[in-house]
Amino acid sequence: MNFQQLRYVRETVRRGLNLTEAANALHTSQPGVSKQIRELEKELGFDIFVRRGKRVTALTEPGKAVLVIVERVLQEAENLKRAARDFSDQDAGALTIATTHTQARYALPRVVGEFKRRYPRVHLTLQQGNPLQLAEMVQAGAADIAIATEALDDFPGLLALPGYTWNHCAVVPPRHALLKAGRLRLEALAQYPIVTYDAAFAGRTHIDAAFAARGIAVDVVLSAIDADVIKTYVELGLGVGIIAAMAFDAKRDLKLRAIECAHLFHSNTTRVAVKRGSLLRGYAYDFIELFAPALNRKLIERALAGEGELYEL
């Protein structure tokens, strides 16, 4: 039994039981992967996978138990490597942050700037995607930290901690009628075409829920993952925009005006997620604390160890 065999089992499951894709991901041959898994099964005395001809079709019941152990063993092996790197050179290495466009564009620039000042020898990478993709990246070890508002706390394999709360605002061109309407109401908003986020991003579920709860039909004429795209089309007169309040900058968005919406839609919580069982480098804890000062290293380590109650913002 060796680590290579365990990696082959894990990657086969991650690739939807496709041995060819697993081999490609591991830069080896499909027959080689199949042979190594067979040898591991022979050593264990039972099949890990159900097979139909040469195809792998499912995990056996013992295979499901083996997969849990494989994941844990490989995670601990990676933890050993990280511990060695942390003690040998605490200020150098790599850190990958998986996040959405809204967080990367509006919430993270200050954090990234300060982090690079503190850790110039750490190679920092930002990967963008939708919340489900971000969660999967951290679970697969392709990213160290995920930052998003949706989905992260739906994955049992992740520890998702609350970072900060935020609200939406409406954006309209200057002299728009809504600017003279006083305190904004959902009924008034619904009289105009709406330009807002895609269903998977930036609290869109709270927007939809607010209108649905009042039985108000709303015409969403454009959905986007990018607040800058939303603002562009509002400037062109396509409709009223609903965006994260942090995405409006009065100095930059000179052709738009913002209208308070905190009373219309539930507030949103952006979360920071790491893989359960993982050992973070010291500078990863610092990055998280720069982003969310309440999330200090002691709190995160206790949470990863399953100790104490997690707070909510």
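The values are calculated or read from the model by the stated rules, or taken from the named source; none is laboratory data. The structure displayed is predicted, hence computed values, not measured ones. So basically every Cβ, Gly included, is an ideal-geometry build from the backbone, and we count neighbours across all protein chains shown. The area values use the complete protein model at the heavy-atom level, side chains included, leaving out ligands, DNA and RNA. Shrake-Rupley method; radii C 1.70, N 1.55, O 1.52, S 1.80 Å.
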Does the stretch 279-297 hold any residues that are open to solvent by 60 Å² or more (accessible area, probe 1.4 Å) and of a type in the set (S, T, N, Q), and which are they?
none
Among the residues of the stretch 177-209 satisfying the criterion of being of a type in the set (Ser, Thr, Tyr) and in contact with a Leu (Cβ under 9 Å, 6 or more places away or on another chain), which is surrounded by the most Cβ atoms within 10 Å (Cβ to Cβ)?
196
Restricting to the stretch 116-131, name every residue that is touching a helix residue (DSSP H, G or I) at 6+ places or on another chain (Cβ under 9 Å), open to solvent by 70 Å² or more (accessible area, probe 1.4 Å) and part of a helix (DSSP H, G or I).
118
Residue pairs, Cβ under 9 Å, 6 or more apart or interchain, first in the stretch 264-280 and over 20 Å from residue 291 (Cα atoms), second of a type in the set (D, E, K, R) and open to solvent by 10 Å² or more (accessible area, probe 1.4 Å). List them.
264/185; 277/71; 277/72; 277/76
With respect to residue 173, is the statement that it is open to solvent by less than 40 Å² (accessible area, probe 1.4 Å) and in contact with an Asp or Glu (Cβ under 6 Å, 6 or more places away or on another chain) true?
no
What number of residues within the stretch 132-170 satisfy the criterion of being in contact with a His (Cβ under 9 Å, 6 or more places away or on another chain) and open to solvent by less than 40 Å² (accessible area, probe 1.4 Å)?
1
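Residue-wise test of (1) open to solvent by less than 60 Å² (accessible area, probe 1.4 Å); (2) of a type in the set (D, E, K, R); (3) modelled with pLDDT of 85 or more.
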position	(1), (2), (3)
1	no, no, no
6	yes, no, yes
19	yes, no, yes
30	no, no, yes
34	yes, no, yes
43	no, yes, yes
46	no, no, yes
63	yes, no, yes
76	no, yes, no
For the stretch 254-271, how many residues are part of a loop (DSSP other than H, G, I, E, B) and within 23 Å of residue 100 (Cα to Cα)?
5
Find the residue count for the stretch 223-253, including only residues that are open to solvent by 30 Å² or more (accessible area, probe 1.4 Å) and part of a helix (DSSP H, G or I).
7
Tally the residues that are open to solvent by 50 Å² or more (accessible area, probe 1.4 Å) and within 19 Å of the chain's Cα centre (by Cα), restricting the search to the stretch 254-275.
1
Would you confirm whether or not the stretch 99-115 contains a residue that is outside any helix (DSSP H, G or I) and small (Gly, Ala, Ser)?
no
